[in-house]
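A short reminder: the numbers here are calculations on the coordinates, not readings from a lab. Predicted model, so just to flag it, every value in this text is computed and none were measured. Using ideal geometry, Cβ is built from the backbone for each residue, glycine included, and neighbour counts are taken over all protein chains shown.
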Amino acid sequence: MPTTKKTPSPQARKPRAKAIPTREEIALRAYQIYLERGGAPGNAFEDWTRAERELLDSAAKPRRKAAPKSKAA
């Protein structure tokens, strides 16, 4: 009998995506950048792309596990 090859589901074939920031997260960071400038007029597009880049860079960095909490006696 011929054997059939099982193909993985589309979800299984996709490499695990890193955390992609949402529009809301990017908008919030862009607003923070605007506030850091003192609310001075600037380029909203540059703020948006900087915020997006910062969030993507921080998502790409591996995170360290938190140290176990010690119980105080």
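Highest-first packing order for the peptide set 53-59, 19-25 is 53-59, 19-25, based on the mean count of other beta carbon atoms within 10 Å.
Per-residue 3J(HN,Hα) values for region 20-33, derived from phi via the Karplus relation 6.51 cos²θ - 1.76 cosθ + 1.60 with θ = phi - 60°, read 8, x, 7, 4, 5, 5, 5, 4, 5, 5, 4, 5, 4, 4 Hz in sequence order (x marks Gly and Pro).
Taking a Cβ cut-off of under 12 Å around ALA27, the surrounding Lys, Arg, Asp and Glu residues balance to a net charge of -2, with basic ones at +1 and acidic ones at -1.
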